[in-house]
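Working notes for the structure below.
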Amino acid sequence: MAERLTKRALLVQRLGIAVVAGLLVVTLAAGTLWMAGAGEKALAVFSVGVAVCTALSVWAGRLSADEQRSLEERLAARDARYRQTLELLPEGVVILKGGWKIEWVNTTASHHFGLTMEDEGSDFLDHIESADFREWMRQRNYERHFNLISPDDSLILDVAVVAPDDRHMIIVTHDVTERRRLEDMRRDFVANVSHELRTPLTVIGGFLELSTPEMPEDVRAYHLKLMREQTQRMRRLTDDLLMLSHLENKDEHAAADPELIAVPRLIDDVVREGRALSGGQHRITSSCEDVSLVGFPDEIRSAVMNLVSNAVRYTPAGGDIRVVWRREGTGAVLTVTDTGIGIAPEHIPRITERFYRVDKGRSRDTGGTGLGLAIVKHVLRRNGGELRIRSAPGKGSEFSFRFPEERIFVPQSI
Ligand code: ADP
């Protein structure tokens, strides 16, 4: 960008013109006097004139040196300001000069490319492991961006290059890891839901095609029973999906105020429902301390019911299921323990993911949607609780909700 002339630069310019013009005038005057025969006068005029012009030149020279210094200082300050700004950007920035030589790199880009300060001045491409990325850089077709995995494999980077000319280049990197993860999750989710719906729809469609007026009554009744089961399965799935979507919407929008929940009464209801679900095949007991919880009652109820229903579904007939609500430390904990099939340690960190099941067949056969624990996790997040799972294959499982002091209310304490 062109620098505007400062007052000092203007003065230097004018002094230069004055010196040239002065020398011209002095030479002309001295020449005229010399021709007129006034040799001594001509010499005097010439000497004085040259002396004055020399003095002016020296002055102009000094001013010009000062101006040069101050210009360099201003440029250095501006450069520092630009770098400070680039340092603050959330994007990584690498400036290359003279081919691939690293001129400057901000902290984010150092992290993205695994560069250090000492790498400034070295060839950028020497630091790049990915042959595809080096090739893309060399081809100089920078209209499309490049997706690069960071050297430590932890980040997905969107890389753009701006090349104003052949010798200069700015590389801008943008961390898109989180965006990609969300996109993948969304894609998996849609694929999972479609897959879950396809099976019952295929079964129902098949029966409808087979159905003819001549079909024996008992076969028709059997088909209708199976179709009803598949319809219920789809209903459970859509109910759970709606529940998850409501919870997510409430996360984003301010929810209603939490209420005081009488947990012992809530557990009584859930245990009664659990017994109905078990059909007398399990011993289901409970024990509660008189502690209330501050939260959203419908959500807590649905989360506890999910645990009890899982305990029933994953515990063979004759097993025990126990629900306990008690104070622990300054908070309180709700535990559902069963003597069921248990879960191998490698599955435990993943079972709260949507549609993650240890045994798909068993989950489906017992009416599972694969969304129960995802709902539980969401509910706890919204109600200030924490989920802990302890389980061992063949020995049973223990699922606990832990609530901190600020979430509980003990009636005796007033
Ligand atoms: P599902 O509808 O499949 O039960 P959940 O999200 O409720 O879905 O549970 C996820 C998976 O966790 C289940 O498929 C099952 O493999 C395992 N699981 C959950 N609760 C228990 C339990 N009490 N005992 C053994 N396995 C369990």
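The values are calculated or read from the model by the stated rules, or taken from the named source; none is laboratory data. Every value quoted in this text rests on a predicted model; they were computed, and no experiment measured them. Positions of Cβ are backbone-derived with ideal geometry, glycine not excepted, and every protein chain shown enters the neighbour counts.
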Filter the range 335-376 down to the residues that are acidic (D, E) and in a loop (DSSP other than H, G, I, E, B), then identify the one that is nearest to the ligand (Cβ to nearest atom).
D359
Being more than 30 Å from R350 (Cβ to Cβ) and either out of contact with any helix residue (DSSP H, G or I) (no Cβ under 8 Å at 6 or more places or on another chain) or part of a helix (DSSP H, G or I) (or both) is the requirement here; does I102 meet it?
no
Which one of V25, V12, V45 is closer than 30 Å to R78 by Cβ and either out of contact with any strand residue (DSSP E or B) (no Cβ under 8 Å at 6 or more places or on another chain) or loosely packed, with under 14 Cβ neighbours inside 10 Å (or both)?
V12
Matching residues in the range 379-392 (more than 9 Å from the ligand (Cβ to nearest atom) and either at pLDDT below 95 or out of contact with any Leu (no Cβ under 7 Å at 6 or more places or on another chain) (or both)) number 8
Residue, nearest to A332 (Cα to Cα), within the range 386-414, restricted to residues that are part of a loop (DSSP other than H, G, I, E, B) and in contact (Cβ under 8 Å) with a residue 60 or more places away in the chain
P404
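Select the strands (runs of 3 or more DSSP E) contained entirely in the range 145-237, then report the ones holding at least 1 residues which are assigned by TED's automatic domain parsing to the domain that holds F124, free of Cβ contacts under 8 Å to residues at least 60 places away in the same chain and within 31 Å of the chain's Cα centre (by Cα).
Numbers: elements: 146-149, 156-162, 168-175.
By residue number, 146-149, 156-162.
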Name every residue in the range 294-327 that is touching a residue at least 60 places away in the same chain (Cβ under 8 Å), within 15 Å of the ligand (Cβ to nearest atom) and more than 14 Å from S400 (Cα to Cα), in order of residue number.
S302, S309, Y314, T315, G319
